[in-house]
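The values are calculated or read from the model by the stated rules, or taken from the named source; none is laboratory data. Every value quoted in this text rests on a predicted model; they were computed, and no experiment measured them. When we count neighbours, we look across all protein chains shown, and the Cβ atoms used for this are built from the backbone with ideal geometry, even at glycine.
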Ligand code: ADP
C-alpha cells in the first residue's frame, strides 16, 4: 500500500480564529513521480542513439576511411536516426491519444480492411527484418467496427508487428477475428515466439517496459507499442488481453463491445428486392 501524504494548512477566519484544512495529496505526488520517470526514460531513450551517432561522427571526422567502412558507418548512423524518429513518432501518437476527444460511434470501418492493412505492414516488416514466417490472416466479410480508424489500425498493427518482431524465422503467426457468442468481437494475434513469463504480464503495457531490452532494440522497438495499444483499446471501450506461455508463444487480443460492431450486407449497395 502507498503511504498517504496529507497537506495541512491553517486558514485564519473570523476574529483571530483559525481553521485547519487538510488535503490528501497522495495522488498528486504519484502523478509527479510518474511524470519525472517518464521524462527520465525519454531522455535516456534519446541519449543512447545520440551517443552512438556522435561517436560515428567523431570517428569519421578524425580518420580517413575506406569507402566500404564509410558506407557501413553511414548505414549504422541511418539506423540510429531512424530509431529516434520512431521514438518521436510513438511519443506524438501517445500524446495525441491523451489529448483528443473519445472516438464516437459515427465512423464505421470494415474489419476485413483493417486486417488486410495489418497483413501488408506485417509482410513488409518481415521482409525488412529478413524473416520468413508463416503468416495467416483471416478474411472477414460484412463486419464493421465503430471508432477512429487510424487508431484502430495502429493498435492492431502494433500487435501484428510485435508478433513478427519477436517470433523467430520459420515461426507461425495467425491474425484472426472471432464473433463471440454474446455479441462482442475479438481481434487476436497468435504467435509461436518466445512467450512472456507471468511476472512480466502486468507491466507490459507500461511505457518503456521491455522484457528483453536488447531484443526489443534490435528490431526497432521503442517500448511504447503496447502502451499505445492499451490506450486505444480503452478509448474504444475495448479490453486488451494477453495470454502467453514461455517457450510456446503468445496471444494478444482486443475484445470490442457489441455496441461497436455491426454486420453489413456482403454486397454493399445492393437494393433489396
Ligand atoms: P517494444 O517496442 O519493446 O516491442 P512494446 O510496448 O510493443 O515495446 O512491448 C513491450 C514488451 O513486451 C516488449 O519489449 C517485449 O518484451 C514484450 N512483447 C511484446 N509483444 C511480444 C510478443 N509477441 N512476444 C514476446 N514478447 C512480446
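Restricting to the stretch 186-227, give me the number of residues that are on the phi > 0 side of the Ramachandran plot and in contact with a helix residue (DSSP H, G or I) (Cβ under 7 Å, 6 or more places away or on another chain).
Restricting attention to the stretch 186-227, the residues satisfying the condition of being on the phi > 0 side of the Ramachandran plot are 195, 208, 220, 223.
Within this subset, residues satisfying the condition of being in contact with a helix residue (DSSP H, G or I) (Cβ under 7 Å, 6 or more places away or on another chain) are 208, 220, 223.
Total meeting the criteria: 3.
Quick check, is residue 151 within 26 Å of residue 235 (Cβ to Cβ), in contact (Cβ under 8 Å) with a residue 60 or more places away in the chain and not in a loop (DSSP other than H, G, I, E, B)?
yes
Okay, residues lined up against (1) more than 9 Å from the ligand (Cβ to nearest atom); (2) exposed (fewer than 15 other Cβ atoms within 10 Å of the Cβ); (3) over 12 Å from residue 243 (Cα atoms); (4) modelled with pLDDT under 95:
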site	(1), (2), (3), (4)
165	no, no, yes, no
172	yes, no, yes, no
175	yes, no, yes, no
189	no, no, no, no
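Somewhere in the stretch 5-16, is a residue farther than 30 Å from residue 83 by Cβ and touching a helix residue (DSSP H, G or I) at 6+ places or on another chain (Cβ under 7 Å)? Walk me through how you get there before you give the answer.
Here is the first cut: in the stretch 5-16, the ones farther than 30 Å from residue 83 by Cβ are 5-16.
Then drop every residue that is not touching a helix residue (DSSP H, G or I) at 6+ places or on another chain (Cβ under 7 Å), which leaves 5.
Yes, that holds for at least one residue.
Could you go through the stretch 255-272 and let me know if any residue there is within 21 Å of the chain's Cα centre (by Cα), at positive phi and either assigned to a strand (DSSP E or B) or within 16 Å of the ligand (Cβ to nearest atom) (or both).
No, the stretch 255-272 contains no residue that is within 21 Å of the chain's Cα centre (by Cα), at positive phi and either assigned to a strand (DSSP E or B) or within 16 Å of the ligand (Cβ to nearest atom) (or both).
Which members of the stretch 4-30 meet the condition of being in contact (Cβ under 8 Å) with a residue 12 or more places away in the chain and part of a loop (DSSP other than H, G, I, E, B)?
So in the stretch 4-30, the residues in contact (Cβ under 8 Å) with a residue 12 or more places away in the chain come out as 4-9, 20-26, 29-30.
4, 5, 25 - these are the residues of the stretch 4-30 that are in contact (Cβ under 8 Å) with a residue 12 or more places away in the chain and part of a loop (DSSP other than H, G, I, E, B).
Check residue 215 against each of (1) under 30 Å from residue 85 (Cβ atoms); (2) in contact with a strand residue (DSSP E or B) (Cβ under 8 Å, 6 or more places away or on another chain) and name the one condition it does not meet.
(2)
Return the residue satisfying two criteria in turn: it lies in the stretch 196-206 and is near the ligand (Cβ under 8 Å from one of its atoms) and within 14 Å of the chain's Cα centre (by Cα), and of such residues it is surrounded by the fewest Cβ atoms within 10 Å (Cβ to Cβ). Give the steps one after another, and end with the answer.
Initially, the stretch 196-206 is screened for residues near the ligand (Cβ under 8 Å from one of its atoms), giving 196, 200, 204-205.
Of the ones still in play, those that are also within 14 Å of the chain's Cα centre (by Cα) are 204-205.
Details: 204: 20, 205: 18.
Applying the filter and picking the extreme gives 205.
For the stretch 207-224: of the residues being part of a helix (DSSP H, G or I) and more than 6 Å from the ligand (Cβ to nearest atom), which is surrounded by the most Cβ atoms within 10 Å (Cβ to Cβ)? Give the derivation first.
Going residue by residue through the stretch 207-224, those that are part of a helix (DSSP H, G or I) are 213-218.
Within this subset, residues satisfying the condition of being more than 6 Å from the ligand (Cβ to nearest atom) are 213-215, 217-218.
Working: 213: 12, 214: 7, 215: 13, 217: 16, 218: 11.
The extreme case among them is 217.
Looking at residue 102 and the list (1) surrounded by 11 or more Cβ atoms within 10 Å (Cβ to Cβ); (2) in contact with a helix residue (DSSP H, G or I) (Cβ under 7 Å, 6 or more places away or on another chain); (3) under 18 Å from residue 260 (Cβ atoms), which single condition is not satisfied?
So the condition that residue 102 fails would be (1).
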